[in-house]
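What follows draws every value from the coordinates through simple rules; no lab data is involved. The shown structure was predicted, so the numbers you read here are calculated from the model rather than taken from an experiment. Note: ideal-geometry Cβ built from the backbone for every residue, glycine included; neighbour counts use all protein chains shown.
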Amino acid sequence: MWELAASFPRQLEDGLKSVPRHDLPVRSGVPVAVCGMGGSGIAGELLSGLAGRSGECPIVQVRDFALPAWVRPPVPAVFLSYSGGTAETLSAYDEAGRRGVTRAVIASGGPLMERARADRVLHVQVPPGLPPRASLGYLMGALVGLLREAIPGIDRELPRVAESLRARTEEFAGDGGRASVLADAWGGKRDLWVYAPEPLVAVARRWKTQAEENAKRLGHFDSVPELLHNAIVAWDVLGRAEAEGRFVAILRGRSEGEAMHRRIDYLSEALRGQGARVEIVTPEARGALGELLELVWLGDYVSLWSAKRRGVDPLPVRGIDRMKQSMPSASSPA
């Protein structure tokens, strides 16, 4: 898992290069559905956040067996399943075909890739044999290549961001670096709360899921300012002993407005006042894509350092394996 985490910048570059010339109909103002679960689905959600900030059309993540009613021509749909066997994604792919939706597929193989080839659907094959959560770079790079028209210039920016991340590997992977310090602050007995503004909520979800799969600790995520209209009430009455058992990472962007800045400052002080351990995590990269991918990579390493400190093997996901065995229709991991 450590070696795979280190390969993230290269995966981004290789994933982008793997996309063939194509004419996927991405049009200004017309939404794009991106269907995927787990470690595959997060790529769509990350790109959705970027599209919301600077895109030409909405990118909407779908995590279900069924497609929303609005996914009909001229709306295109991209289906991501690293394994190619995710039951929900296969079901949505077949339904899109029945509706006449233009489709594209990203997978390492499996039934989804077989169907795409048989249906002569645009497809991108990424390298097989990885845990799905460790293939995000390939999936993200390939998705950028397919949806480059949705966020103008993103395909030119991605290689530059990947190179800048590669130059900072020791900062994330090294003991005493940023990720290991955050893992030490998190500690071995606390669950993880991750809060972020809406443009970074997908990153908060990634921190949560990596905490759960790699560090084997429960994770929680929520958005600011929304949580100031609900979750803050529960925090306000939380006993100090219980609050001291919480670790909260608040992700923030470099370009957040004054209103968001004040709310995050208020939130951090309120939670510290209750006794929670709070760390503010701000990226050094500039630009929406750089911020996003830096925070993703940092969170991956934080989960690995937490696992290392606690003597936990980050690779096995036995709970998922048991679920798949008990439900044959669940097919493969994402």
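Contour minus end-to-end for residue 313 and residue 54, with contour as 0.36 nm per residue of separation and end-to-end as the Cα-Cα distance?
That pair, residue 313 and residue 54, stretches by 89.3 nm at full extension.
Under the classification rounded if a/c is under 1.5, otherwise prolate if a/b is larger than b/c and oblate if not, where does segment 2-163 fall, given a ≥ b ≥ c as square roots of the Cα gyration tensor eigenvalues?
Because a/c hits 1.5 or more and a/b fails to exceed b/c, segment 2-163 counts as oblate.
In the chain, what percentage of the DSSP-assigned beta bridges are antiparallel, given to the nearest 5?
Within the chain, antiparallel bridges account for around 5 percent of the total.
If a/c stays under 1.5 just call it rounded; otherwise compare a/b with b/c (prolate if a/b is bigger, oblate if not). Do that for segment 169-310, with a ≥ b ≥ c from the square roots of the Cα gyration tensor eigenvalues.
The shape class here is oblate.
Return one number: the angle in degrees, 0 to 90 and rounded to the nearest 10, between the long axis of the Cα atoms of helix 87-99 and the longest principal axis of the Cα atoms of the chain.
It is inclined by approximately 40 degrees.
Determine, from the Cβ-Cβ distance of residue 270 and residue 184 and an R0 of 22 Å, the FRET efficiency 1/(1 + (r/R0)^6), rounded to the nearest 0.05.
Once the sixth-power term is evaluated, E becomes 0.40.
Want the number for residue 218 to residue 236: 0.36 nm per residue separation, take away the alpha-carbon distance, what's left?
The span from residue 218 to residue 236 would gain 4.3 nm if fully extended.
Order these peptides, 71-82, 237-248, by their mean beta-carbon neighbour count within 10 angstrom, highest first.
Highest mean packing first, the order is 71-82, 237-248.
Mind listing the long-range amide H neighbours of residue 284? Cut-off is under 5 Å, sequence gap 5 or more, other chains count too, H placed in the peptide plane at 1.01 Å from N.
none
Relative to the longest principal axis of the chain, what angle (0 to 90°, nearest 10) does the C-alpha long axis of helix 136-146 take?
Here the helix axis deviates by roughly 50 degrees.
Quick check for me: using +1 on Lys/Arg Cβ and -1 on Asp/Glu Cβ, what's the dipole size of segment 216-293 about its Cα centre, in debye to the nearest 20?
It works out to roughly 240 debye.
Compute the FRET efficiency between residue 191 and residue 229 as 1/(1 + (r/R0)^6), taking r as their Cβ-Cβ distance and R0 = 22 Å, and round to the nearest 0.05.
0.45
List the lysines whose Cα sits under 16 Å from the Cα of residue 17, skipping any in the same chain fewer than 8 residues away.
none
Treat every Asp and Glu Cβ in the chain as -1 and every Lys and Arg Cβ as +1, leave all other atoms uncharged, and give the resulting dipole magnitude about the Cα centre to the nearest 20 debye.
460
On a 0 to 90° scale, report how tilted helix 38-54 is relative to the longest principal axis of the chain, with both axes built from alpha carbons and the result rounded to the nearest 10.
Once rounded, one gets 90 degrees.
Under the definition of Cα pairs under 8 Å and six or more residues apart, what whole-number percent is the relative contact order of the chain?
21
Quick one: Cα centre-to-centre distance for segment 105-146 and segment 49-69, in angstrom?
18
Indicate the gyration tensor shape class of the chain (rounded, prolate or oblate), computed on the Cα atoms with a ≥ b ≥ c the square roots of the eigenvalues: a/c under 1.5 is rounded; otherwise a/b larger than b/c is prolate and the rest oblate.
The shape class here is prolate.
Calculate, for residue 65 and residue 30, the FRET efficiency according to 1/(1 + (r/R0)^6) with r their C-beta to C-beta distance and R0 22 Å; round to the nearest 0.05.
0.40
Treating cross-link reach as a plain straight distance, find the lysines whose alpha-carbon is under 26 Å from the alpha-carbon of residue 216, omitting any fewer than eight places away in the same chain.
Here the lysines satisfying the reach criterion relative to residue 216 are 189, 208, 308, 324.
Sequence gap at least 6, Cα distance under 8 Å: using those rules, report the relative contact order of segment 128-263 to the nearest whole percent.
It rounds to 22 percent for segment 128-263.
Return the distance in nm (one decimal) between the two label points of a simple spin-label model at residue 279 and residue 22, each offset 7 Å from Cα along Cα→Cβ.
3.7
Defining a contact as two alpha carbons under 8 Å apart and six or more residues distant in sequence, what relative contact order in percent does segment 38-158 show?
It comes to 29 percent, rounded to a whole number.
Using θ = phi - 60° and the Karplus form 6.51 cos²θ - 1.76 cosθ + 1.60, what ³J(HN,Hα) does each residue of segment 185-201 get, whole Hz, x for Gly and Pro?
Going residue by residue, I get 5, 4, x, x, 10, 9, 6, 10, 9, 10, 10, 7, x, 3, x, 10, 4 Hz, with x marking Gly and Pro.
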